[in-house]
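We did not get these values from a lab; they are worked out from the coordinates using the rules stated. It should be emphasised that the depicted structure is a prediction, and the values quoted were computed from it without experimental measurement. Backbone-built Cβ (ideal geometry, glycine too); neighbour counts: all protein chains shown.
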Amino acid sequence: MSKETIQIRDFELFYEIVKSISKMADGVKLTIDENGLVVYSKNDFSKCNLTSNSIYSNSRLEFCISELPTFLRVLTTVKEMYKDDYMSVKMSYEQPFLKIESGKFKTKIASVDEQRVSKFVATKIKSELSPKLEFTTSSGLIKTINGHSFIFQNSSDARIYITTEKDMQNNTIFATIGNESNELANSITLELGLINSGSLLNEDGNPQKIILDFNRLNILNMFQSDEIKVSVDKKLPVLVSDITKNGKNDSFFSAKVCSFMLVR
């Protein structure tokens, strides 16, 4: 395969994408064409569909990287070297290598067969989801909830219950860290966000039980933001977050993140 140039419209936005995807998966499949970048990623409890024009190529390219943390560290080096001026940074793909080069830096990252990263490669989310509740949270609020994992000696024993509280603020969604299967377990209830529309009540008048763990909560914070809009689907046991961010040179990314609830 000949050497194919990958145009960089906004390096820092591309860096943010790779950093965010690395919170979900250790490997990734990148599809790049004249419209930009497409990534369909997943792990055992979540999935993400992302599109962006932060990078693009006149030729359609598909390749997989198995060590995403390593790739992120390489991009971090480029970011630290060039700060806000990436004009001299060039990116290309010459099978099996993704190459990044400049006058004072050169690297190549080996791509792998898709089978090596298949457990991290998702399909496009096609089903139309119908929200029964929509609320807005933020990276700061999710970080505060994470900061109270100390209430359990082993945070993996903790469960996070998404609730509304009759005796607390109206139009507010709360996260209760606890474990309902253990009557002696500690618990703490903290604000998660503000309700935009809908209700957690089912048709029978009883509230829907939304149970997460810290991993499932944190996946909603893949892309850090002061405004993270989250929907609770009517039928499927899933929380869905849609995120859009604009960058430099008319660049953007748009992502849909699904975090699947715990059964208990």
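Separation of region 58-74 from region 157-224 is 36 Å, based on Cα centroids.
Please give the per residue volume of the convex hull enclosing the alpha carbon atoms of region 204-244, rounded to a whole number of Å³. List each step's numbers first, then the result.
On the way: hull volume 3.8 nm³, N = 41.
Spread over its residues, the Cα hull of region 204-244 gives 92 Å³ apiece.
Remark: region 1-114 projects, on average over all directions, an area of 6.6 nm² (convex hull of Cα atoms).
How would you classify region 112-169 from its alpha-carbon gyration tensor, with a ≥ b ≥ c the square roots of the eigenvalues: rounded for a/c under 1.5, else prolate if a/b is greater than b/c, otherwise oblate?
oblate
Seen from residue 121, the other residues with C-beta closer than 14 Å to its C-beta sum to a net charge of +1, counting Lys and Arg as +1 and Asp and Glu as -1.
For the chain, modelled as a GNM whose springs connect Cα atoms under 10 angstrom apart, the maximal fluctuation among 138, 155, 22 occurs at 155. For region 1-72, trypsin sites (Lys or Arg not before Pro) meeting the loop criterion (DSSP other than H, G, I, E, B) and having at most 12 other Cβ atoms within 10 Å: 3, 60.
Helix 68-82: angle to the longest alpha-carbon principal axis of the chain, degrees 0 to 90, nearest 10? Its long axis makes an angle of about 70 degrees.
With contacts defined as alpha carbon pairs under 8 Å and 6 or more residues apart, what's the relative contact order of the chain in percent?
22 percent
Within the chain, what's the longest stretch lacking GluC sites (Glu not before Pro) that sit in DSSP loops with no more than 12 other Cβ atoms inside 10 Å? By the stated rule (loop sites, at most 12 other Cβ atoms within 10 Å), 35-127.
Sequence-distant contacts, meaning Cα pairs under 8 Å at least 6 residues apart, place the relative contact order of region 131-260 at 30 percent. Farthest towards the positive end of the charge dipole of region 131-260, among the residues 249, 154, 197, is the Cα of 249, using unit charges on the Cβ of Lys, Arg, Asp and Glu.
Volume of the convex hull of the chain (Cα atoms only), normalised per residue: 146 Å³.
Overall, the anisotropy analysis places region 61-159 in the prolate class: the square-rooted eigenvalues a ≥ b ≥ c of its C-alpha gyration tensor yield a/c not less than 1.5, with a/b exceeding b/c.
With charges only on Cβ, +1 for K and R and -1 for D and E, what is the dipole size of the chain about its Cα centre, in debye, rounded to 20? Provide the component values of the computation, followed by the final result.
On the way: 33 positive and 33 negative charges, 131 e Å.
The dipole of the chain has a size of about 620 debye.
Given the convex hull of the Cα atoms of region 99-236, what is a quarter of its surface area in nm²?
Values: hull surface 53.4 nm².
Here the figure is 13.4 nm², rounded to one decimal.
Within region 72-178, report the trypsin sites (Lys or Arg not before Pro) that DSSP leaves as loop and that have at most 16 other Cβ atoms within 10 Å. Can you show the working numbers first?
On the way: sites: 73, 79, 83, 90, 99, 104, 106, 108, 116, 119, 124, 126, 132, 143, 159, 166; in loops: 83, 104, 124, 126, 166.
Sites meeting the loop and neighbour criteria: 83, 104, 124, 126, 166.
Between helix 11-21 and the chain there is an angle of about 50 degrees, using the helix long axis and the longest principal axis of the Cα atoms. A dipole drawn for the chain from +1 and -1 charges on Cβ atoms has a positive end, and of 179, 107, 81 the residue lying farthest that way is 107. On full extension, the segment bounded by residue 208 and residue 195 gains 3.2 nm, given 0.36 nm per residue less the C-alpha separation.
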